[in-house]
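The values are calculated or read from the model by the stated rules, or taken from the named source; none is laboratory data. Not measured: the values here are computed from a predicted model. Positions of Cβ are generated from backbone atoms using ideal geometry, with glycine treated the same way; all protein chains shown enter the neighbour counts. Surface areas here come from the heavy atoms of the whole protein model, side chains and all, with no ligands, DNA or RNA. Shrake-Rupley method; radii C 1.70, N 1.55, O 1.52, S 1.80 Å.
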Amino acid sequence: MPVRVQREDFDAGAEIARLRADDPRVGAVASFIGVARDRNDGARVASMTLEHYPGMTERALEDIVAQAKRRWDVIEILVIHRVGELKPLDQIVLVVVTGSHRGDAFAACEFVMDYLKTEAPFWKKESTPDGTRWVDARDSDDAARDRWNERDMPR
Amino acid sequence: MKVKVLYFARLREAVGRDREEVELPSGVATVAALRDWLVARGDPWASAFGEIRRIRAAVDQQMATDEAALTDGAEVAFFPPVTGG
């Protein structure tokens with residue numbers, strides 16, 4: 001399954017090995033791992049809770065993967081996103097893209113993350129010394145997504 | 001027409017529930033009209049929708065604009081901008 005939303009941690013090495021197993025067309029593997037920090041917006045973060053919209057979240061991620069596959073010449077794309085309570089140092093999200101060449105693999109990986117940040121229904125609530133707070137969306141994330149619309153479609 | 005309304009994250013807390021089924025009067029047939037109708041019911045909807053900026057909507061689990069049409073039995077979700085990743 002190219003998209004998984006789960007409470008459990010993931011093993012990036014094992015996931016990459018599985019994604020490219022027995023496929024000699026693969027010449028490039030690009031991956032991104034998002035990790036929980038211990039600080040955000042000037043406050044210490046002891047833990048965070050990730051909420052999602054079961055059903056829609058998976059559909060949104062599948063749609064993003066499908067868009068990336070239409071746009072770039074890649075072979076497989078895997079997205080794993082965790083939900084529930086996470087602590088600093090914990091892994092949050094994994095994106096892996098396999099392709100024949102690095103250019104399209106890198107671009108597709110970054111595209112998936114930029115769209116995930118702005119289009120996939122997840123919400124973070126942080127626990128800080130002053131209490132809990134919902135994380136605000138960043139304008140810079142919208143800008144990161146929008147720059148893909150300004151680029152020429154490859155091929 | 002009857003629709004299921006879902007609330008998430010900060011909006012869920014402000015409204016004090018994560019879902020409700022509502023029977024809509026005729027004439028309330030878009031996302032924007034539903035939001036206005038909820039707000040017109042008073043608090044907690046009025047204060048919740050008033051306090052939280054840039055609330056987004058989804059109809060049947062697809063991102064939807066204010067103009068999106070509602071049908072009987074639709075699942076309509078309201079939520080703040082997303083912050084995953």
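Structural remarks
- Accessible area of A:Thr98 in the full protein assembly, 1.4 Å probe (Å², nearest 10): 0 Å²
- Within segment A:52-76, backbone nitrogen closer than 17 Å to the virtual label 7 Å beyond the Cα of A:Asp23 toward Cβ: A:62-76
- Ordered from largest to smallest accessible area (heavy atoms of protein chains, 1.4 Å probe), the residues A:Ser47, A:Ser140 come out as A:Ser140, A:Ser47.
- Cleavage-rule hits, GluC sites (Glu not before Pro), segment B:27-85, DSSP coil, Cβ neighbours within 10 Å at most 16: B:Glu67
- Share of carbon and sulfur in the accessible heavy-atom surface of segment A:48-88 [1.4 Å probe, %]: 45 percent
- Table column - 3J(HN,Hα) (Hz), segment A:81-97, Karplus curve with 6.51, -1.76, 1.60, x for Gly and Pro: 10, 8, 10, x, 8, 10, 10, x, 5, 5, 6, 10, 9, 10, 10, 10, 10
- Accessible area of segment B:2-47 belonging to carbon and sulfur atoms, whole % at 1.4 Å probe: 48 percent
- Per residue accessible area of the protein assembly as shown, 1.4 Å probe, in Å²: 50 Å²
- Seen through its C-alpha gyration tensor, with square-root eigenvalues sorted a ≥ b ≥ c, chain B comes out oblate because a/c lies at 1.5 or above while a/b is not bigger than b/c.
- When chain A is treated as a Gaussian network with alpha carbon springs shorter than 10 Å, the biggest mean-square fluctuation among A:Ala30, A:Ala105, A:Ala144 belongs to A:Ala144.
- Checking every one of the trypsin sites (Lys or Arg not before Pro) in segment A:29-107 against DSSP loop status and a limit of 14 other Cβ atoms within 10 Å picks out A:Arg37.
- Between the residues B:Leu11, B:Leu38, B:Gly73, the greatest Cα displacement towards the positive end of the dipole of chain B, with unit charges on the Cβ of Lys, Arg, Asp and Glu, is found for B:Leu11.
- Computed from backbone phi with θ = phi - 60° and the Karplus coefficients 6.51, -1.76 and 1.60, the 3J(HN,Hα) list for segment A:137-148 is 5, 9, 4, 5, 6, 5, 5, 5, 5, 5, 5, 5 Hz; x is used for glycine and proline.
- Taking Cα centre as origin and charging only the Cβ of basic (Lys, Arg, +1) and acidic (Asp, Glu, -1) residues, the dipole magnitude of chain A rounds to 160 debye.
- For A:Arg4, the residues whose amide H sits under 5 Å from its own are A:Val79, A:Ile80, A:His81, ignoring neighbours fewer than 5 places away on the same chain, with H placed 1.01 Å from N.
- Inter-label distance, nm, simple model (7 Å from Cα along the C-beta direction), B:Asp72/A:Ser100: 5.3 nm
- Antiparallel %, DSSP beta bridges [both residues in segment A:1-135], to 5: 90 percent
- The alpha carbon gyration tensor of chain A gives principal lengths a ≥ b ≥ c with a/c of 1.5 or higher and a/b greater than b/c, which makes the shape prolate.
- By the rule of a C-alpha distance below 29 Å, with chain neighbours fewer than 8 residues away ignored, the lysines paired with B:Lys4 are A:Lys117, A:Lys124, A:Lys125.
- Farthest toward positive dipole pole in chain A [+1 Lys/Arg, -1 Asp/Glu at C-beta], among A:Val26, A:Leu78, A:Cys109: A:Val26
- Take the accessible area of chain B alone and of chain A alone, subtract that of the pair, and you get about 2100 Å² summed over both chains, using a 1.4 Å probe.
- What the phi angles of segment A:33-41 give under the Karplus curve with 6.51, -1.76 and 1.60, with θ = phi - 60°, is a coupling list of 10, x, 10, 6, 8, 9, 9, 7, 6 Hz, glycine and proline written as x.
- Cα-based shape type of segment A:74-155, given that a ≥ b ≥ c are square roots of the gyration tensor eigenvalues and the cut on a/c is 1.5: oblate
- Amide H contacts of A:Gly27 (H built 1.01 Å from N, in plane; Pro and chain starts excluded): A:Gly99, A:Ser100, A:His101 sit under 5 Å, all sequence-distant by 5 or more or on other chains.
- Using the Cβ of B:Val28 as centre and a radius below 11 Å, the other residues enclosed give a net charge of -1, where K and R count +1 and D and E count -1.
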